[in-house]
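Student: Sharing a structure below in structure tokens format, with a few things to ask.
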Amino acid sequence: MSDFGDNSELSEAVLAGAGAEELAACPLPDSYPAAFLRRQDQDLFQDTADKDVRRSLHLGRLPMPELAPDEVLVAVMAAAVNYNTVWSAMFEPVPTFRFLHDLARHGGWDARHDRDYQQIGSDAAGIVVRVGAAVRHWKIGDHVVLSPVVIDEQQPAAQEDGMLSSRQLAWGFETNFGAFGHYALAKATQLVRKPPHLTWEEAACNTLCLATAYRMLIGAHGARIKIGDIVLIWGATGGLGSYAVQLAHRAGAIPIGIISNPHKAELLHHLGCQHIIDRQELGFTERTSAHVHDTTTTPADAAERWRALGGAIRKRVGEDPHVVFEHVGRETFGASVFVVRRGGSVVTCGSSTGYQHQYDNRYLWMKLKRIIGSHGANYQECVEANRLLELGLIIPALSRVHPLDHIAEAVRSVQLNQHAGKVGVLCLAPHEGLGIQDHRLREQIGESRLHLFRDHADASATLDSIDRDAELIGSAAR
Ligand SMILES: NC(=O)c1ccc[n+]([C@@H]2O[C@H](COP(=O)([O-])OP(=O)(O)OC[C@H]3O[C@@H](n4cnc5c(N)ncnc54)[C@H](OP(=O)(O)O)[C@@H]3O)[C@@H](O)[C@H]2O)c1
């Protein structure tokens, strides 16, 4: 638990494992510790090259918001950093306060969201401590993880696919009262049963990236990969990529993982990915960063890199990929369209390096390729993806855990691409390792498997420091 104090009766009851009746009887605290952005900082990074998120993330107490009838109040035990945390803390591509303002224009309960602060964060695990009057399927005391997708279930399109409802929002990004606090507000339609064999921090790190990757690769709206398909995955050990690799492997497809650091290769082998490409060797050297990129690559340079990537893929698997898993954007999109096979699909959900992409359309139309746009996952897809965790088919990609007080450092590590998989944040949970309900299932899956990402993070920290020492010795000798 964070150092900055929460001795409310309710928080203490949650930590003591109180039952539903006792939790219901505890008064709600007037305020609670949380991490947030401030409206007054929106212009903080104008003309600044390094939009260092440590400058825009604040800690303090926020007032307890009022609960709408279709909402629940969750005592957040743990949360996780997503790349949207980085976007919102950089105020890029637009300050998220604009989303809150737009949401509030709908009036009614939505007006609560427009404040001078935003409690951000889109992944959490915790305990339901209050339910609104219209909530049917959940009760106080339930252990849950949260889907990051807020939908308007009263819109007709939501009956077909929640992601098609025009008022679908990313929780803790386009809404207030998100994951990074001791308490968070969520719609009842965001709740998913917490996998009972996972700790709070292991449970909190999955939903956003796992469900997004599930929709992109497996669900009815994405690329629908099948046994034997070759799937090229950018950022294969990043948040999304770590789950994409596992899903591809479990679906019987053949993942090819792209990484930027040879230390990540072993992790991929453990996840079932035997074919690995180091993007640095092919000239894809930019990194997702705090900076707005200004690359001076000519079309000829770009085409050379595309061909080099295509050659590297054929060398490993003898053919072109059926599907490319995209989220990097400007730096890689042209290559993705080029290398995917005739009739294949590039499925994309993001643009970390810039959202204005260039690709050679001849390769798309003449070879009958497709680009599939994808975003988040609907409620059912979240539940299906979560089930794979419960079956032990997918493991959490948690590599590092920080207390809420250190959230700025946690988000900075993701901003600088210094992490693998997911970075967790302890909120109400006083330390790691709590929240396991099904020890037998945990044993069956295996502690070492569940610790794969954390063990890798420890090992690569050692290897990185050996590399740094070797460089120092080398430069001293020169
Ligand atoms: N629409 C949605 O629903 C949705 C959901 C989740 C995420 N996203 C978006 O998807 C993007 C990735 O999210 P994430 O959680 O996976 O982030 P992440 O954890 O930072 O992982 C991204 C990975 O991309 C790789 N990468 C970084 N710069 C690169 C470059 N210049 N060229 C090639 N690869 C590069 C890195 O791996 P290496 O350095 O090893 O190559 C990194 O591990 C973000 O923009 C995020 O906002 C969208």
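Student: Tell me, yes or no, whether region 274-285 has at least one residue that is in contact (Cβ under 8 Å) with a residue 60 or more places away in the chain, within 15 Å of the ligand (Cβ to nearest atom), open to solvent by less than 30 Å² (accessible area, probe 1.4 Å) and within 25 Å of Trp87 (Cα to Cα).
Tutor: Initial filter on region 274-285 (in contact (Cβ under 8 Å) with a residue 60 or more places away in the chain): none.
The answer is no; no qualifying residue exists.
Student: Please state which one of Val86, Val72 is in contact (Cβ under 8 Å) with a residue 24 or more places away in the chain, farther than 22 Å from Cys382 by Cα, surrounded by 18 or more Cβ atoms within 10 Å (Cβ to Cβ) and touching a helix residue (DSSP H, G or I) at 6+ places or on another chain (Cβ under 7 Å).
Tutor: Val86
Student: Okay, next question. Checking the conditions here, which among Glu160, Glu174 is of a type outside the set (A, V, I, L, M) and closer than 27 Å to Glu390 by Cα?
Tutor: The unique qualifying residue is Glu160.
Student: So, of the residues in region 202-230 that are away from the ligand (no atom under 12 Å from the Cβ) and within 15 Å of Ile394 (Cα to Cα), which turns out to be most open to solvent (accessible area, probe 1.4 Å)?
Tutor: Ile218
Student: Here's a follow-up. Being within 24 Å of Cys382 (Cα to Cα) and buried (at least 23 other Cβ atoms within 10 Å of the Cβ) is the filter here; which residues of region 97-126 pass it?
Tutor: Hits for region 97-126 are Gln119, Ile120, Gly121, Ser122, Asp123, Ala124, Ala125, Gly126.
Student: Another question, then. Going by the structure shown, is Gln415 open to solvent by 30 Å² or more (accessible area, probe 1.4 Å) and modelled with pLDDT of 95 or more? If you could, list the steps in order and put the result at the bottom.
Tutor: On the way: open to solvent by 30 Å² or more (accessible area, probe 1.4 Å): no; modelled with pLDDT of 95 or more: yes.
No, not satisfied.
Student: If you don't mind, another one. So which helices (runs of 4 or more DSSP H) are wholly in region 1-119 and hold at least 1 residues that are more than 16 Å from Cys427 (Cα to Cα) and either in contact with a strand residue (DSSP E or B) (Cβ under 7 Å, 6 or more places away or on another chain) or within 16 Å of the ligand (Cβ to nearest atom) (or both)? Even if it seems obvious, please write down each step before you answer.
Tutor: Working: elements: 9-15, 20-25, 83-90, 97-104.
The qualifying helices (runs of 4 or more DSSP H) are 20-25, 83-90, 97-104.
Student: Looking at (1) under 26 Å from Leu10 (Cβ atoms); (2) open to solvent by 10 Å² or more (accessible area, probe 1.4 Å), which is the one condition that is false for Gln159?
Tutor: (1)
Student: Could you grab the pairs with beta carbons closer than 6 Å, sequence gap of 6+ or different chains, first residue in region 405-423 and at negative phi, second one part of a loop (DSSP other than H, G, I, E, B) and surrounded by fewer than 17 Cβ atoms within 10 Å (Cβ to Cβ)?
Tutor: Within 6 Å, the pairs are Asp405/Asp3.
Student: Same structure again: Taking Arg305 as the residue in question, decide whether it is within 14 Å of the ligand (Cβ to nearest atom) and charged (D, E, K, R).
Tutor: Values: within 14 Å of the ligand (Cβ to nearest atom): yes; charged (D, E, K, R): yes.
Yes: the conditions hold for Arg305.
Student: Hey, another quick one. Considering only residues that are touching a Cys at 6+ places or on another chain (Cβ under 9 Å) and free of Cβ contacts under 8 Å to residues at least 40 places away in the same chain, which ones fall in region 253-264?
Tutor: Selection gives Pro255, Gly257.
Student: Considering region 319-339 alone, what residues qualify as being in a helix (DSSP H, G or I), within 13 Å of the ligand (Cβ to nearest atom) and either more than 24 Å from His249 (Cβ to Cβ) or modelled with pLDDT under 95 (or both)?
Tutor: Initial filter on region 319-339 (in a helix (DSSP H, G or I)): 333-339.
Narrowing the set further to residues that are within 13 Å of the ligand (Cβ to nearest atom) leaves 333-336.
Residues satisfying the conditions are Phe333, Gly334.
Student: For region 371-382, indicate whether the set of residues that are at pLDDT 95 or above, among the aromatic types (Phe, Trp, Tyr) and within 25 Å of Gln246 (Cα to Cα) is non-empty. Walk me through how you get there before you give the answer.
Tutor: Taking region 371-382 first, the residues at pLDDT 95 or above are 371-382.
This time we only want the ones that are among the aromatic types (Phe, Trp, Tyr), so: 379.
Going one step further and asking which of them are within 25 Å of Gln246 (Cα to Cα), we end up with 379.
Yes - at least one qualifying residue is present in region 371-382.
Student: On to the next question. Criterion first (near the ligand (Cβ under 9 Å from one of its atoms), at pLDDT 95 or above and on the phi > 0 side of the Ramachandran plot) does Gly257 satisfy it?
Tutor: Values: near the ligand (Cβ under 9 Å from one of its atoms): yes; at pLDDT 95 or above: yes; on the phi > 0 side of the Ramachandran plot: no.
The answer is no for Gly257.
Student: List every residue pair whose Cβ atoms lie under 6 Å apart, where the two residues are 6 or more positions apart in sequence or sit on different chains, the first residue falls within region 136-152 and is over 23 Å from Thr199 (Cβ atoms), and the second residue, located anywhere, is open to solvent by less than 50 Å² (accessible area, probe 1.4 Å) and among the aromatic types (Phe, Trp, Tyr).
Tutor: What qualifies is Val150/Trp171.
Student: Inside region 177-201, can you point out the residues that are of a type in the set (Gly, Ala, Ser) and open to solvent by 10 Å² or more (accessible area, probe 1.4 Å)? Before the answer, list the steps.
Tutor: At the first step, the residues of region 177-201 found to be of a type in the set (Gly, Ala, Ser) are 178-179, 181, 184, 186, 188.
Hit for region 177-201 is Ala188, nothing else.
Student: Taking the criterion of being open to solvent by 40 Å² or more (accessible area, probe 1.4 Å), within 24 Å of Val86 (Cα to Cα) and within 16 Å of the ligand (Cβ to nearest atom), would at least one residue in region 436-453 satisfy it?
Tutor: Scanning region 436-453, I find no residue that is open to solvent by 40 Å² or more (accessible area, probe 1.4 Å), within 24 Å of Val86 (Cα to Cα) and within 16 Å of the ligand (Cβ to nearest atom), so the answer is no.
Student: Continuing with this model, one more query. Arg316 fails exactly one of the following numbered conditions: (1) over 30 Å from Val144 (Cα atoms); (2) in a loop (DSSP other than H, G, I, E, B); (3) touching a residue at least 40 places away in the same chain (Cβ under 8 Å); (4) open to solvent by 70 Å² or more (accessible area, probe 1.4 Å). What is the number of that condition?
Tutor: Among (1) over 30 Å from Val144 (Cα atoms); (2) in a loop (DSSP other than H, G, I, E, B); (3) touching a residue at least 40 places away in the same chain (Cβ under 8 Å); (4) open to solvent by 70 Å² or more (accessible area, probe 1.4 Å), the lone unmet condition for Arg316 is (2).
Student: So, one more: Please pick out the residue among Leu368, Leu426, Leu364, Leu404 that is open to solvent by 60 Å² or more (accessible area, probe 1.4 Å), away from the ligand (no atom under 16 Å from the Cβ) and aliphatic (A, V, I, L, M). First the steps, then the outcome.
Tutor: Details: Leu426 fails: open to solvent by 60 Å² or more (accessible area, probe 1.4 Å); Leu364 fails: open to solvent by 60 Å² or more (accessible area, probe 1.4 Å); Leu404 fails: open to solvent by 60 Å² or more (accessible area, probe 1.4 Å).
Sole residue among the options that is open to solvent by 60 Å² or more (accessible area, probe 1.4 Å), away from the ligand (no atom under 16 Å from the Cβ) and aliphatic (A, V, I, L, M): Leu368.
Student: Could you tell me which of the residues Ala134, Ala179, Ala184, Ala170 is of a type in the set (A, V, I, L, M, F, W, C) and farther than 25 Å from Leu37 by Cα?
Tutor: Working: Ala179 fails: farther than 25 Å from Leu37 by Cα; Ala184 fails: farther than 25 Å from Leu37 by Cα; Ala170 fails: farther than 25 Å from Leu37 by Cα.
The match here is Ala134.
Student: Residue pairs, Cβ under 6 Å, 6 or more apart or interchain, first in region 231-246 and open to solvent by 10 Å² or more (accessible area, probe 1.4 Å), second more than 7 Å from the ligand (Cβ to nearest atom) and part of a helix (DSSP H, G or I). List them.
Tutor: Once the first residue is open to solvent by 10 Å² or more (accessible area, probe 1.4 Å) and sits in region 231-246, its partners that are more than 7 Å from the ligand (Cβ to nearest atom) and part of a helix (DSSP H, G or I) give Leu240/Ala213.
Student: Still on this structure, I have one more. Here's a check for you: in region 340-360, which residue that is out of contact with any Gly (no Cβ under 7 Å at 6 or more places or on another chain) and more than 15 Å from the ligand (Cβ to nearest atom) is farthest from Thr285 (Cα to Cα)? It would help to see each step written out before you state the result.
Tutor: The initial filter retains those residues of region 340-360 that are out of contact with any Gly (no Cβ under 7 Å at 6 or more places or on another chain), namely 340-346, 349, 356.
Pick out the ones that are also more than 15 Å from the ligand (Cβ to nearest atom) and you get 340-345.
On the way: Val340: 21, Arg341: 24, Arg342: 27, Gly343: 29, Gly344: 26, Ser345: 24 Å.
The extreme case among them is Gly343.
The values are calculated or read from the model by the stated rules, or taken from the named source; none is laboratory data. A quick note: this is a predicted structure, and the numbers were derived from the prediction, not measured. Every residue, glycine among them, receives a Cβ derived from its backbone with ideal geometry; neighbour counts consider all protein chains shown. The protein model used for the area step is the full one, side chains on, heavy atoms only, and it has no ligands, DNA or RNA in it. Shrake-Rupley method; radii C 1.70, N 1.55, O 1.52, S 1.80 Å.
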